[in-house]
Amino acid sequence: MATISPSFLRLPAAANPQPGPGARALSVLDLIGNTPLLEISRLTAGLLRPGVRIFAKLEGFNPGGSVKDRAVRKMIEVGLASGLLQPGKTIIDSTSGNTGIALAMVGSALGYPVELVMASNVSQERKRIIAAFGAKVVFSDPLEGSDGAILRCRELIARDPQRYFKPDQYNNEANPQAHFETTGPEIWHQTGGAISHFIAGIGTSGTLMGTGRYLKTRDAAIQVIAAEPADAMHGLEGLKHMASSIVPGIYHEDQIDRKVPVETEDAYDMVYALGQVEGLLVGQSSGAAMVAALKVARELRQGCVVTVFPDLGDKYLSTNLWIGWKAWTPLKLKRLLEKL
Amino acid sequence: MPVRVRVPTPLRKFTAGAGEIGAAGANLKDVIEDLERNHPGLRERLLDENGQIRRFVNIYLNGDDVRFLDQLNSPVKDGDDISIVPAIAGGR
């Protein structure tokens, strides 16, 4: 296992090959990626062995506010290069939120109309953000979840196939490729090659597949671990319980070393803890990632655990995530940790 | 069938695949107990260890979120329509 260099957080800025904050850009698309890596230190104080650290890649710092900016930029780039997306076409997809926001943003920046199919119970904030980028929203039955949105989207395309370009994040290899080309190298660089465990939630599985694949090319011993909802009935927006879902075509279970099940309520409690202990307001998928990262890190004698926080929390303030936050106390964090 | 209950996909393994089932009870709590008798495992998916509706579960009585009614004590009458909806599920 790689040892951790205590100096890797002090790498000179020149070692970073990409433009940092403050660089001039021609398009919002140029601002995607190169997100910060934050050590989660206050919340983990006294909980981990001295040689173990946890870092979170803060994808909420992308211009569209989530990790999905990366996959969407790549899928649109590949669509344009292949000719499948060309002037006159409308970009369409099924999405419960962040991919929709990213598609709406990228479509707007490039001048393409966007239509998005989503279950009608996605958060108000997301619907409004998407509308603000000028995209059209089509609602599907909330009882059918994201699988219902996928099927409804297929129906719309079948009616007028020539009209649409569907990036199809679940089956488009450009999705994991974006992470192979950007997220993976960034994490490798930001940890000075010290990363030993990579943990990400699985929705489409693009982040986990692409980043994991890249990291394994640098060090085959790096463990690639999926954080997954513990049950089919869950409230972890953005994540999929694979055994009970339509399995994405880009998902290859044989490329994962391990899966860590996460209870929805534990992830919600972790979101409250990150806000009140770490000064970081994130969404529930970040809470789930942190629960899984802590579980793995607590088993280690030495290691550099990196996880992905897919977005920030401001989009969820009106959602179920915040039911019960007033009852949260640091004691709940202690109980959660005892359970891990 | 006094009350009609709409069941989301992730819970249909408890209802032999049915998306709609019948149940009885004077209030929501009774209805959930009745569901549990006929479809064991459902209650635990809906209620937490303190017997409260799980944070990520939304239950609608005739279209109204029961959190804005009387929660589990919301009265239920014949012909009412109950929908169980997960806060959200699935890929983004």
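The values are calculated or read from the model by the stated rules, or taken from the named source; none is laboratory data. Owing to the predicted nature of the structure, the values given are computational and were not obtained by experimental measurement. FYI the Cβ positions are ideal-geometry reconstructions off the backbone, even for glycines, and counts take in every protein chain you see.
Of the strands (runs of 3 or more DSSP E) lying entirely inside segment A:212-311, those carrying at least 1 residues that are under 28 Å from B:Thr15 (Cα atoms) are A:223-229, A:258-262.
Considering only residues that are small (Gly, Ala, Ser) and within 12 Å of chain B (Cβ to nearest Cβ), look in segment A:313-338 and name the one that is nearest to the chain's Cα centre (by Cα).
Applying the filter and picking the extreme gives A:Ser318.
Are any of the residues in segment A:146-166 without any contact (Cβ under 8 Å) to a residue 40 or more places away in the chain and within 21 Å of A:Val67 (Cβ to Cβ)? Looking through segment A:146-166, none of the residues is without any contact (Cβ under 8 Å) to a residue 40 or more places away in the chain and within 21 Å of A:Val67 (Cβ to Cβ). Residues in segment A:295-328 that are among the basic types (Lys, Arg) and under 12 Å from A:Ser196 (Cα atoms): A:Arg301 only. Residues in segment A:49-59 that are surrounded by 18 or more Cβ atoms within 10 Å (Cβ to Cβ) and of a type outside the set (Gly, Ala, Ser) were compared, and the one that is nearest to A:Pro310 (Cα to Cα) is A:Glu59. Does segment A:92-113 contain any residue that is over 21 Å from the mean Cα position of the chain (by Cα), among the aliphatic types (A, V, I, L, M) and under 20 Å from A:Glu155 (Cα atoms)? Looking through segment A:92-113, none of the residues is over 21 Å from the mean Cα position of the chain (by Cα), among the aliphatic types (A, V, I, L, M) and under 20 Å from A:Glu155 (Cα atoms). Would you confirm whether or not segment A:122-136 contains a residue that is surrounded by 15 or more Cβ atoms within 10 Å (Cβ to Cβ), out of contact with any strand residue (DSSP E or B) (no Cβ under 7 Å at 6 or more places or on another chain) and modelled with pLDDT of 85 or more? Looking for residues that are surrounded by 15 or more Cβ atoms within 10 Å (Cβ to Cβ), out of contact with any strand residue (DSSP E or B) (no Cβ under 7 Å at 6 or more places or on another chain) and modelled with pLDDT of 85 or more, one finds at least one in segment A:122-136, hence yes. Where strands (runs of 3 or more DSSP E) fall entirely within segment A:66-179, those with at least 1 residues that are out of contact with any Cys (no Cβ under 9 Å at 6 or more places or on another chain) and under 24 Å from A:Leu208 (Cα atoms) are at A:114-119.
Could you say whether any residue in segment A:195-207 is surrounded by fewer than 24 Cβ atoms within 10 Å (Cβ to Cβ) and free of Cβ contacts under 8 Å to residues at least 60 places away in the same chain? Taking every residue of segment A:195-207 in turn, none turns out to be surrounded by fewer than 24 Cβ atoms within 10 Å (Cβ to Cβ) and free of Cβ contacts under 8 Å to residues at least 60 places away in the same chain.
Just one of the listed residues (A:Asn62, A:Asn98) is at pLDDT below 95 and buried (at least 24 other Cβ atoms within 10 Å of the Cβ), namely A:Asn98.
Per-residue answers, yes or no, for (1) surrounded by fewer than 23 Cβ atoms within 10 Å (Cβ to Cβ); (2) within 10 Å of chain B (Cβ to nearest Cβ); (3) farther than 28 Å from A:Ala119 by Cβ; (4) among the acidic types (Asp, Glu):
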residue: A:Arg213; (1), (2), (3), (4): yes, no, yes, no
residue: A:Gly235; (1), (2), (3), (4): no, yes, no, no
residue: A:Glu253; (1), (2), (3), (4): yes, no, no, yes
residue: A:Arg258; (1), (2), (3), (4): yes, no, yes, no
residue: A:Met270; (1), (2), (3), (4): no, no, no, no
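Those strands (runs of 3 or more DSSP E) of segment B:1-78 in which 3 or more residues are farther than 30 Å from A:Lys326 by Cβ, of a type outside the set (A, V, I, L, M) and within 14 Å of chain A (Cβ to nearest Cβ) are absent.
The requirement of being assigned by TED's automatic domain parsing to the domain that holds A:Tyr272, assigned to a helix (DSSP H, G or I) and in contact with a Phe, Trp or Tyr (Cβ under 9 Å, 6 or more places away or on another chain) is not satisfied by A:Leu331.
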